[in-house]
Amino acid sequence: MTRDEINPGDIIVSNDPYLTGTHTNDIGLIMPIFHKDGVVAAKGHVNDVGGLNPGTWGPGSREIYHEGLFISPVKYYKEGKPNKDVIRIILGNIRIPDYLYGDLETLAAGLRLGSRRIQELIDKYGIETFKAAIEGLLEEGRRVSLKRLEELPKGEFYAEDFLDDDYVTGSSLKLSARVKIAYKEFIVDFSENPNALTHQLNNTYPATVAAVAVTYIAIVDLHARISQGLLDPLKVIASPGTIFHAVRPYPVSVYWETMSYAADLV
């Protein structure tokens with residue numbers, strides 16, 4: 001979907017885990033703010049999106065198509081009006097459609113409120129002041145990160161751990177990470193890990209980055225205001241097709257098991 005295809009009042013929905021992270025139960029909505037190309041976003045875990053098992057995730061999944069309805073980015077609202085064709089497709093694939101519809105409408109309402117509040121700030125203080133405030137927050141995050149990196153021991157570090165059972169052969173599975181700390185970079189490299197599994201214990205790349213970011217923030221400053229600026233020095237490497245960078249159609253519904261290992265290894 002290109003910028004020219006998006007209009008005021010549109011709300012885009014997707015649960016593509018390879019794009020948005022985590023698994024198909026986590027649905028994200030994005031609404032553009034047509035004032036210098038901003039967006040507001042909201043994401044929530046829903047109870048069921050179809051698939052093999054009630055609640056969607058569970059034993060037996062061998063590919064993403066077993067893990068419920070897969071929603072590539074599509075308009076949930078078009079210029080402020082519900083996109084009824086898309087809504088019918090989504091709700092027609094869910095065991096408890098009323099629950100899901102309520103969740104999606106709640107997220108959409110939150111986006112409309114967030115968009116309105118941002119517009120009010122811009123109207124009150126002006127776009128240049130608003131942009132300066134955002135850049136100030138980003139720069140503050142960068143300063144906090146770089147100051148902390150100066151204090152950390154420099155060099156390359158290695159850690160490994162094991163999944164007790166790979167759920168295929170019954171044997172344990174080694175997971176590892178190499179961490180390089182420099183004055184302006186914090187690099188976490190998962191390149192030496194096994195290929196993605198044919199069951200749900202895989203992580204998408206966005207979920208792996210999120211897991212590492214949690215640990216990174218704890219190292220830098222637990223009380224810092226979180227922004228992209230704070231995370232700028234962080235770089236995460238994971239080869240596509242591996243357990244920490246699953247690609248379609250590898251299943252990912254129990255991603256948090258591997259996600260916790262990604263955080264713990266760092």
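Among the conditions (1) more than 29 Å from residue 223 (Cβ to Cβ); (2) assigned to a helix (DSSP H, G or I); (3) not assigned by TED's automatic domain parsing to the domain that holds residue 23, residue 158 misses just one, which is (2). Filtering segment 47-72 to residues that are modelled with pLDDT of 95 or more and more than 23 Å from residue 198 (Cα to Cα) leaves nothing.
Taking the condition of being among the hydroxyl-bearing types (Ser, Thr, Tyr) and outside any loop (DSSP other than H, G, I, E, B), how many residues in segment 215-241 meet it? So that I can check it myself, show each step before the final result.
First pass over segment 215-241, keeping only residues among the hydroxyl-bearing types (Ser, Thr, Tyr): 215-216, 227, 239.
From what is left, the residues that are outside any loop (DSSP other than H, G, I, E, B) are 215-216.
Within segment 215-241, residues that are among the hydroxyl-bearing types (Ser, Thr, Tyr) and outside any loop (DSSP other than H, G, I, E, B) number 2.
Regarding segment 199-218, can at least one residue be identified that is surrounded by fewer than 20 Cβ atoms within 10 Å (Cβ to Cβ), in contact (Cβ under 8 Å) with a residue 24 or more places away in the chain, touching a Lys or Arg at 6+ places or on another chain (Cβ under 6 Å) and not assigned by TED's automatic domain parsing to the domain that holds residue 68? No: segment 199-218 contains no residue that is surrounded by fewer than 20 Cβ atoms within 10 Å (Cβ to Cβ), in contact (Cβ under 8 Å) with a residue 24 or more places away in the chain, touching a Lys or Arg at 6+ places or on another chain (Cβ under 6 Å) and not assigned by TED's automatic domain parsing to the domain that holds residue 68. In segment 177-193 there is no residue that is closer than 11 Å to residue 262 by Cα and among the hydroxyl-bearing types (Ser, Thr, Tyr).
Just one of the listed residues (51, 80, 55, 68) is on the phi > 0 side of the Ramachandran plot, over 22 Å from the mean Cα position of the chain (by Cα) and not acidic (Asp, Glu), and it is 80.
When the criteria are applied in full, residue 64 fails the requirement of being among the aliphatic types (A, V, I, L, M), surrounded by 14 or more Cβ atoms within 10 Å (Cβ to Cβ) and without any contact (Cβ under 8 Å) to a residue 60 or more places away in the chain. If you go through segment 10-58, how many residues are out of contact with any strand residue (DSSP E or B) (no Cβ under 7 Å at 6 or more places or on another chain) and not aromatic (Phe, Trp, Tyr)? The number of residues fulfilling the criteria is 18.
Looking at this structure, is residue 227 of a type in the set (S, T, N, Q) and out of contact with any His (no Cβ under 7 Å at 6 or more places or on another chain)? So residue 227 passes the test. Residue-level check: of (1) over 29 Å from residue 195 (Cβ atoms); (2) of a type in the set (Val, Ile, Thr); (3) touching a Pro at 6+ places or on another chain (Cβ under 6 Å), residue 243 misses just (1). When the test is whether a residue is of a type in the set (A, V, I, L, M), outside any strand (DSSP E or B) and closer than 30 Å to residue 122 by Cα, residue 1 passes it. Within segment 88-107, being among the aliphatic types (A, V, I, L, M), surrounded by fewer than 18 Cβ atoms within 10 Å (Cβ to Cβ) and more than 16 Å from residue 56 (Cα to Cα) holds for one residue alone: 89.
Checking each residue in segment 173-197 for being loosely packed, with under 15 Cβ neighbours inside 10 Å and not in a strand (DSSP E or B) picks out 182, 183, 184, 185, 191, 192, 194.
Looking only at residues that are under 14 Å from the mean Cα position of the chain (by Cα) and among the aromatic types (Phe, Trp, Tyr) in segment 240-266, which one is nearest to residue 158 (Cα to Cα)? Among those that are under 14 Å from the mean Cα position of the chain (by Cα) and among the aromatic types (Phe, Trp, Tyr), it is 244.
The values are calculated or read from the model by the stated rules, or taken from the named source; none is laboratory data. Since we're looking at a predicted model, the values are computed, not measured. Heads up, the Cβs are rebuilt from the backbone with ideal geometry, glycines too, and the neighbour counts pull from every protein chain shown.
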